[in-house]
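For reference, the structure is listed below as C-alpha cells.
The values are calculated or read from the model by the stated rules, or taken from the named source; none is laboratory data. For clarity, every value in this text was computed on a predicted model and none was experimentally measured. Heads up, the Cβs are rebuilt from the backbone with ideal geometry, glycines too, and the neighbour counts pull from every protein chain shown. Each accessible area value is taken on the protein alone, full model and side chains, heavy atoms only, with ligands, DNA and RNA left out. Shrake-Rupley method; radii C 1.70, N 1.55, O 1.52, S 1.80 Å.
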Amino acid sequence: MRAARPPGPRRRPVPVPRPAPAAAPAAGGLPNPRLTGLGSGLFCAVVMFLLGALCAALFGASLTAYGVLFLPVCALTALWVRRRDLMTAPVVVPIAFAVGLLPLAEGEGGTGGRLMGLVTALATQAGWLYGGTLIAGLIVIVRRIRLVHRRRTAGARPPV
C-alpha cells in the first residue's frame, strides 16, 4: 500500500527560463559563428597554416605579408569564440602564429635547421605576434566587460 498524499493543491515544477535561440543571420549579413575554445584554436591554427603556405607560394616566403594577414585572423578568432571560452582566444593566437610559420621557416640541414629557421622567424616577427595577441586580448576584454555589464543590468531590473 502506498502512503496517501496530504490533501491540497498539486505543486507543479517551476519552469526554468531558457535563452532564446540565436537569430539566423540576415541575408547578406556577416556570419556569426560561436566556436568553443578548442574550435577557435583549431580554426586559428588551420587558417594560419594555410596562409603561411599561401605566403610561401605567392609572396616568396614574405614574413611581412604573413604578419599582416595574421591580424584579421586574430580579430576573427576573438570575435567568434563563445562567451564561456573567451579567455582562450589570446592563448591560441600565438600558438597559431607559430604553426603558420612552419611552411615559411627557412632552414638548411634537416629538422635542426628547420627548427632554427622557425625560432629565427619567431624572433624577427615578434612585433606582429604581439600586435595580434594585443588585438585578440582587447577584443576579449571588451566582450567580457559587455557581458558582465549585461548580467548586472539584467539582475538590477525590477520584476515586471
Can you spot a residue in the stretch 57-79 that is in contact with a Lys or Arg (Cβ under 9 Å, 6 or more places away or on another chain) and of a type in the set (A, V, I, L, M, F, W, C)? yes
Test of understanding: among 122, 115, which residue is in contact (Cβ under 8 Å) with a residue 24 or more places away in the chain and either among the aliphatic types (A, V, I, L, M) or part of a helix (DSSP H, G or I) (or both)? 122
Taking the condition of being part of a loop (DSSP other than H, G, I, E, B) and either touching a residue at least 24 places away in the same chain (Cβ under 8 Å) or open to solvent by less than 70 Å² (accessible area, probe 1.4 Å) (or both), how many residues in the stretch 73-112 meet it? 8
